[in-house]
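For reference, the structure discussed in these notes is given below.
The values are calculated or read from the model by the stated rules, or taken from the named source; none is laboratory data. Computed from a prediction, not measured in an experiment: that's the story for all the values here. For neighbour counting, all protein chains shown are included, and Cβ atoms are generated from backbone atoms with ideal geometry for every residue, glycine included. Please note that ligands, DNA and RNA were not included when accessible areas were found on the heavy atoms of the full protein model with its side chains. Shrake-Rupley method; radii C 1.70, N 1.55, O 1.52, S 1.80 Å.
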Amino acid sequence: MSDELNIRQIQQLLPHRYPFLLVDRVLEREHRKRIVCQKCVSVNEPFFAGHFPGTPLMPGVLIIEALAQAAGVLILGDPDFPAGDKLVLFTGIDDCRFRRPVVPGDVLRLEVEVLHLRPRAAKMRGRATVDGEIAAEATLLSALADRSGMP
C-alpha cells in the first residue's frame, strides 16, 4: 500500500464529505504508528462567512476535527479493518492548545502519532502546523465502532 493518498482514496476511508471533509491529501503513513496529512485552507471555506467577517479565522474546533480525521484515515487505512466496516468516533480530547491562527491561504500540516491502539479504542497525539509553526496540538481519544451497528 502506497504511503500517499489522494482525495478519492481518502473518501473511500472516511465517511465525511464536503463541507466537512477536512483532509485533502495524505503525505506520509507508517502502519499503526503515524500519519502526515495536508489541508489547504481556502477563502471559500463555508465557515469563513461567519468566523469572522472581515477577519477570517479557521475555528479551532475544526483544526482539531482535521487532526481527528487524519487519525481516522490512519486507523481506517489499516488492512486489519476492511474498508467500510468501521467508524472512528471522536470520544475525547486532552491537553489541547492553540498556538497561532489559521487563515485563508494557509496549508495545514496534520501530524498524528499513535500512543495506544486497541481493537476498540485509540489514543493519539496530534499537531497541526503552518510553515513549521504550531497552530494547534492535542491528545485525541477515539472509539472504533462497527458501521453496521450505528443508527
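Worth pointing out:
- Residues (farther than 22 Å from VAL130 by Cβ and open to solvent by less than 20 Å² (accessible area, probe 1.4 Å)) located in region 1-36: LEU14
- The residues of region 61-103 that are open to solvent by less than 40 Å² (accessible area, probe 1.4 Å), within 16 Å of ALA135 (Cα to Cα) and more than 13 Å from the chain's Cα centre (by Cα), listed by number, are CYS96, VAL102.
- Close pairs (8 angstrom Cβ cut-off, 6 or more residues apart or separate chains): open to solvent by 60 Å² or more (accessible area, probe 1.4 Å) in region 105-116, assigned to a strand (DSSP E or B) and among the basic types (Lys, Arg) anywhere: VAL107/LYS39; GLU113/ARG34; GLU113/ARG125; LEU115/LYS123; LEU115/ARG125; HIS116/LYS123
- All positions within region 37-60 that are crowded, with 21+ Cβ neighbours inside 10 Å and not basic (Lys, Arg): CYS37, VAL41, MET58
- Any hit, region 6-24, residues being assigned to a helix (DSSP H, G or I), within 21 Å of VAL107 (Cα to Cα) and in contact (Cβ under 8 Å) with a residue 60 or more places away in the chain: yes
- The strands (runs of 3 or more DSSP E) found wholly in region 32-151 and carrying at least 1 residues that are out of contact with any strand residue (DSSP E or B) (no Cβ under 6 Å at 6 or more places or on another chain), modelled with pLDDT of 95 or more and of a type in the set (Asp, Glu) occupy 133-146.
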